[in-house]
Amino acid sequence: MARGSSAKRHAQAVFQLAADTGKIDEWRTQLRDMASALAEPQLVEILENPKVPFDSKADLVRKCLPGASQHALNLAYLLISRQRLGILESLVTEYERMADAHQGLEHARVITAVDLDKEGKSRLVAHLERLTGKRILLATEVDPGIIGGFVARIGDRLIDGSTRARLEMLRRKLATTAS
């Protein structure tokens with residue numbers, strides 16, 4: 001079984017539970033805490049060791065996650081017993097993607113040729129919100145190689161409004177008409 005699909009299925013199950021109980025943000029916090037606490041190399045070594053009895057592992061998890069709900073602890077126990085602790089980080093990422101989509105949020109990673117000021121970022125966010133119909137959480141990056149404009153990745157969509165892409169398209173048009 002591929003790790004990515006396993007993480008996605010687990011995240012979907014957790015998200016369904018969270019949505020049914022109205023605790024989407026609480027689960028987001030608990031999953032982040034769990035991933036952080038259970039990522040310690042010495043702890044992972046103990047939790048993945050088949051010679052350590054499960055009851056000892058469960059006690060250790062309860063001590064590492066003192067404020068966790070019983071459902072969150074059950075998830076940790078399940079991952080440990082099925083030797084799937086390695087998917088926890090992917091599970092959290094997938095869960096957060098689902099929670100954001102449920103709340104009408106979309107993450108956008110935008111590359112520009114120059115750093116944008118506050119006003120430029122707000123105009124760009126407004127433009128992307130009009131395109132997607134969702135609220136945008138913006139992360140920016142600077143790459144002078146795109147010359148001008150922007151390249152945005154929003155979920156599975158790629159919007160290339162860069163000057164470099166426009167110049168490349170113009171070059172191809174000129175090459176085909178010259179032939």
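The values are calculated or read from the model by the stated rules, or taken from the named source; none is laboratory data. Just so you know, these numbers come straight off a predicted model, no measurement behind them. Here the Cβ is made from the backbone with ideal geometry for all residues, glycine too, and neighbour counts use every protein chain on show.
Within segment 132-157, being at pLDDT 90 or above, of a type in the set (A, V, I, L, M) and out of contact with any Gly (no Cβ under 9 Å at 6 or more places or on another chain) holds for 136, 137, 138, 139, 142, 154.
Results for (1) modelled with pLDDT of 95 or more; (2) in contact with a Pro (Cβ under 9 Å, 6 or more places away or on another chain); (3) farther than 23 Å from residue 156 by Cα, shown as yes or no for each residue.
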| residue | (1), (2), (3) |
| --- | --- |
| 6 | no, no, no |
| 28 | yes, no, no |
| 41 | no, no, yes |
| 67 | no, no, yes |
| 71 | yes, no, yes |
| 91 | yes, no, no |
| 97 | no, no, no |
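Results for (1) at negative phi; (2) in contact (Cβ under 8 Å) with a residue 24 or more places away in the chain; (3) buried (at least 20 other Cβ atoms within 10 Å of the Cβ), shown as yes or no for each residue.
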position	(1), (2), (3)
8	yes, yes, no
13	yes, no, no
25	yes, yes, no
36	yes, no, no
39	yes, yes, no
52	yes, no, no
95	yes, yes, yes
108	yes, yes, yes
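What do you reckon, is residue 140 part of a strand (DSSP E or B) and either within 25 Å of residue 13 (Cα to Cα) or among the hydroxyl-bearing types (Ser, Thr, Tyr) (or both)? Spelling it out, residue 140 is indeed part of a strand (DSSP E or B) and either within 25 Å of residue 13 (Cα to Cα) or among the hydroxyl-bearing types (Ser, Thr, Tyr) (or both).
Please determine whether any residue of segment 146-166 is of a type in the set (Lys, Arg), surrounded by 12 or more Cβ atoms within 10 Å (Cβ to Cβ), in contact with a Lys or Arg (Cβ under 7 Å, 6 or more places away or on another chain) and within 30 Å of residue 24 (Cβ to Cβ). Yes, there is a match, as at least one residue in segment 146-166 is of a type in the set (Lys, Arg), surrounded by 12 or more Cβ atoms within 10 Å (Cβ to Cβ), in contact with a Lys or Arg (Cβ under 7 Å, 6 or more places away or on another chain) and within 30 Å of residue 24 (Cβ to Cβ).
Restricted to segment 1-83, the set of helices (runs of 4 or more DSSP H) holding at least 3 residues that are among the small types (Gly, Ala, Ser) comprises 3-21, 24-37, 70-81. Every condition in (1) more than 16 Å from the chain's Cα centre (by Cα); (2) assigned by TED's automatic domain parsing to the domain that holds residue 14; (3) closer than 30 Å to residue 141 by Cβ is met by residue 122 except one, and the failing one is (2).
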